[in-house]
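*Asks:* The structure under discussion is supplied below as structure tokens; questions concerning it will follow.
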Amino acid sequence: MSLAKATSEVRAILEKAVRGERLTIEEGTALLSSHDLLAIGWAADQVRQKKHPGRTVTFVVDRNINYTNVCCSRCRFCAFWREEGSSEAYVLKKDELFKKIEETLAAGGTAVMIQGGLNPSLDLDYFLDMLKSIKERYNIHLHSFSPPEVVHMARTSGLAVSEVLRRLKEAGLDSLPGGGAEILDNRVRGAISPAKISWEEWMEVMDKAHRLGMKTTATMMFGHVETLRERVLHMVRVREQQDRTGGFTAFIPWTFQPKNTKLSCPKATAADYLKTLAVSRLVIDNIPNIQVSWVTQGSKIAQTALFFGANDFGSTMLEENVVRAAGVNYRMPQEEIVRCIKKAGFTAAQRNTLYGIIKYY
């Protein structure tokens, strides 16, 4: 594949990106608007190869643990949350939490991602105690609490975001996941999650975490009410923050799953997913790792994404509840991830949360 069959406009933009020059919002939007899927994928693969010479594709063995499903945010796109007092509402007990961590360690896991709803009954001390009690018992990386959770802790405690993060880090928090980003534009956020934090608040948490020495990831949930320009604007805002602090380790785009939610939208196609992932590799030129979303796309599209700019297969996700609540139930044990990577012609490597290689296969 080459750029020969692409339109002249798309070819010029892709050649610019392959040369290592920065794309504008308008150029990124032009790529997403075009039908030159294979040319865009080819260019993204060229950029990936420059950033990651060789054929190594990484993955991490970890587990998502949701400590509560009670959430006052009530996002229209989410099928996981429950009202306080609902018969289906829960807060995980400590012994249940510890059991899940022990199972993760027994499976060769190196990290847990602890996240939950914005539960008004849980104060900052609850989270500090949780972190301390885990670190006292286990040698495991805590990649936990998305920006909406951190802001919720700040509001309920009356403390500044920076102080909340400092206390969380002191209690044992190692890094932050990039959840709650959705689309980093307040028009979109007002339509799909009006009670959630603004995009500026999301970015403030990441900025403060980076300046405290904590690494984070960034995500993008797309394929709902956003325009293509707003999708690229999200990428550019993440890129600008990375210019400031360099604290993002990976970018993870994934598609909105409409089933069981209050947001009625047609499901994004696999082609739209692959094109958006490829454009994210081309636009976000300063984040080294782009992660596939087999959780929403399944194994075949995830394998294909390795030729559209991705270099990381994400997590084994020994447990995942949020996407499953929206009716998507792809499962991928470690052996299957290794097999998928190898079948695609790459070398599989287990990594830790901060992208240090643990083992090659």
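The values are calculated or read from the model by the stated rules, or taken from the named source; none is laboratory data. Note that this is a predicted model, so its numbers are computed, not measured. With ideal geometry, Cβ positions are generated from the backbone for all residues, glycine too; neighbour counts draw on all protein chains shown.
*Asks:* If only one of 119, 139 is within 13 Å of residue 153 (Cβ to Cβ) and among the polar types (S, T, N, Q), which one is it? Show your work before the answer.
*Replies:* Numbers: 139 fails: within 13 Å of residue 153 (Cβ to Cβ).
119 is the lone residue from the list that is within 13 Å of residue 153 (Cβ to Cβ) and among the polar types (S, T, N, Q).
*Asks:* Considering the range 341-360 alone, what residues qualify as being farther than 15 Å from residue 249 by Cβ and either modelled with pLDDT under 95 or exposed (fewer than 13 other Cβ atoms within 10 Å of the Cβ) (or both)?
*Replies:* 343, 345, 359, 360, listed by residue number.
*Asks:* Picking from 182, 200, 136, 204, which residue would you name as being more than 21 Å from the chain's Cα centre (by Cα) and not polar (S, T, N, Q)? If you could, list the steps in order and put the result at the bottom.
*Replies:* Values: 182 fails: more than 21 Å from the chain's Cα centre (by Cα); 200 fails: more than 21 Å from the chain's Cα centre (by Cα); 204 fails: more than 21 Å from the chain's Cα centre (by Cα).
Matching residue, one of 182, 200, 136, 204: 136.
*Asks:* Right, next: So if I check each of 118, 131, 165, which one is part of a helix (DSSP H, G or I), farther than 24 Å from residue 60 by Cα, within 22 Å of the chain's Cα centre (by Cα) and touching a residue at least 24 places away in the same chain (Cβ under 8 Å)?
*Replies:* Values: 118 fails: part of a helix (DSSP H, G or I); 131 fails: farther than 24 Å from residue 60 by Cα.
So the residue among 118, 131, 165 that is part of a helix (DSSP H, G or I), farther than 24 Å from residue 60 by Cα, within 22 Å of the chain's Cα centre (by Cα) and touching a residue at least 24 places away in the same chain (Cβ under 8 Å) is 165.
*Asks:* I need the full set of residues from the range 44-61 which are in contact (Cβ under 8 Å) with a residue 60 or more places away in the chain and assigned to a loop (DSSP other than H, G, I, E, B), in order please.
*Replies:* Step one: list which residues in the range 44-61 are in contact (Cβ under 8 Å) with a residue 60 or more places away in the chain, which gives 44-45, 47-48, 51-52, 54-61.
Selection gives 52, 54, 55, 61.
*Asks:* For the range 249-274, which positions are under 17 Å from the mean Cα position of the chain (by Cα) and part of a helix (DSSP H, G or I)?
*Replies:* Matches in the range 249-274: 273, 274.
*Asks:* Hand me the list of helices (runs of 4 or more DSSP H) wholly inside the range 180-248 holding 2 or more residues that are at pLDDT 95 or above, touching a strand residue (DSSP E or B) at 6+ places or on another chain (Cβ under 8 Å) and farther than 23 Å from residue 352 by Cβ. Before you say what the answer is, go through the steps one by one.
*Replies:* On the way: elements: 186-192, 199-211, 228-245.
The helices (runs of 4 or more DSSP H) meeting that bar are 228-245.
*Asks:* Here's a follow-up. Return the only residue of 58, 29, 68, 104 being surrounded by fewer than 21 Cβ atoms within 10 Å (Cβ to Cβ) and either over 30 Å from residue 264 (Cα atoms) or modelled with pLDDT of 95 or more (or both).
*Replies:* Exactly one of 58, 29, 68, 104 is surrounded by fewer than 21 Cβ atoms within 10 Å (Cβ to Cβ) and either over 30 Å from residue 264 (Cα atoms) or modelled with pLDDT of 95 or more (or both), namely 29.
*Asks:* Now for a different question. Starting from residues that are more than 19 Å from residue 236 (Cα to Cα) and charged (D, E, K, R), keep the ones in the range 21-50 and report whichever is farthest from the chain's Cα centre (by Cα).
*Replies:* Result: 36.
*Asks:* Mind checking whether some residue in the range 276-284 is surrounded by fewer than 22 Cβ atoms within 10 Å (Cβ to Cβ), in contact with a helix residue (DSSP H, G or I) (Cβ under 9 Å, 6 or more places away or on another chain) and not polar (S, T, N, Q)? It would help to see each step written out before you state the result.
*Replies:* Filtering the range 276-284 down to residues surrounded by fewer than 22 Cβ atoms within 10 Å (Cβ to Cβ) leaves none.
The answer is no; no qualifying residue exists.
*Asks:* Please give the number of the condition residue 112 fails out of (1) in a helix (DSSP H, G or I); (2) touching a helix residue (DSSP H, G or I) at 6+ places or on another chain (Cβ under 7 Å).
*Replies:* Of the numbered conditions (1) in a helix (DSSP H, G or I); (2) touching a helix residue (DSSP H, G or I) at 6+ places or on another chain (Cβ under 7 Å), the odd one out for residue 112 is (1).
*Asks:* Follow-up. Please specify each residue of the range 145-170 satisfying the condition of being hydroxyl-bearing (Ser, Thr, Tyr) and out of contact with any helix residue (DSSP H, G or I) (no Cβ under 8 Å at 6 or more places or on another chain). Let's see the steps before the verdict.
*Replies:* We begin by selecting, within the range 145-170, every residue hydroxyl-bearing (Ser, Thr, Tyr); these are 146, 156-157, 162.
Of everything in the range 145-170, just one residue is hydroxyl-bearing (Ser, Thr, Tyr) and out of contact with any helix residue (DSSP H, G or I) (no Cβ under 8 Å at 6 or more places or on another chain), namely 146.
*Asks:* Of all the residues that make up the range 114-131, how many are among the polar types (S, T, N, Q) and buried (at least 19 other Cβ atoms within 10 Å of the Cβ)?
*Replies:* First pass over the range 114-131, keeping only residues among the polar types (S, T, N, Q): 115, 119, 121.
Narrowing further to those that are buried (at least 19 other Cβ atoms within 10 Å of the Cβ): 115, 119.
Qualifying residue count, the range 114-131: 2.
*Asks:* Would you point out the residue of the range 292-325, among those that are more than 22 Å from residue 66 (Cβ to Cβ) and polar (S, T, N, Q), that is modelled with the lowest pLDDT?
*Replies:* 299
*Asks:* Give all pairs with beta carbons closer than 6 Å in which a residue from the range 86-107 that is under 16 Å from residue 133 (Cα atoms) meets a residue that is of a type in the set (Phe, Trp, Tyr); count only pairs at least 6 apart in sequence or on separate chains.
*Replies:* Pairs that qualify, where the first residue is under 16 Å from residue 133 (Cα atoms) and the partner is of a type in the set (Phe, Trp, Tyr), are 92/67; 101/138.
*Asks:* Going by what's in this entry, would residue 211 be described as surrounded by fewer than 19 Cβ atoms within 10 Å (Cβ to Cβ) and within 20 Å of residue 254 (Cα to Cα)? Show your work before the answer.
*Replies:* Numbers: surrounded by fewer than 19 Cβ atoms within 10 Å (Cβ to Cβ): yes; within 20 Å of residue 254 (Cα to Cα): no.
When the stated conditions are applied, residue 211 does not pass them.
*Asks:* For residue 268, only one of the following conditions fails: (1) modelled with pLDDT of 90 or more; (2) surrounded by fewer than 23 Cβ atoms within 10 Å (Cβ to Cβ); (3) among the aliphatic types (A, V, I, L, M); (4) closer than 20 Å to residue 33 by Cβ. What is its number?
*Replies:* (1)
*Asks:* I need the full set of residues from the range 1-17 which are of a type in the set (A, V, I, L, M, F, W, C) and either surrounded by 16 or more Cβ atoms within 10 Å (Cβ to Cβ) or part of a loop (DSSP other than H, G, I, E, B) (or both), in order please.
*Replies:* Start the filter on the range 1-17 by keeping residues that are of a type in the set (A, V, I, L, M, F, W, C), which leaves 1, 3-4, 6, 10, 12-14, 17.
Once the filter is applied, which keeps residues that are of a type in the set (A, V, I, L, M, F, W, C) and either surrounded by 16 or more Cβ atoms within 10 Å (Cβ to Cβ) or part of a loop (DSSP other than H, G, I, E, B) (or both), the range 1-17 yields 1, 3, 4, 6, 10, 13, 14, 17.
*Asks:* While we're here: Of the conditions (1) out of contact with any Ser or Thr (no Cβ under 9 Å at 6 or more places or on another chain); (2) among the charged types (D, E, K, R); (3) buried (at least 20 other Cβ atoms within 10 Å of the Cβ), residue 243 fails just one. Which one is it?
*Replies:* (3)
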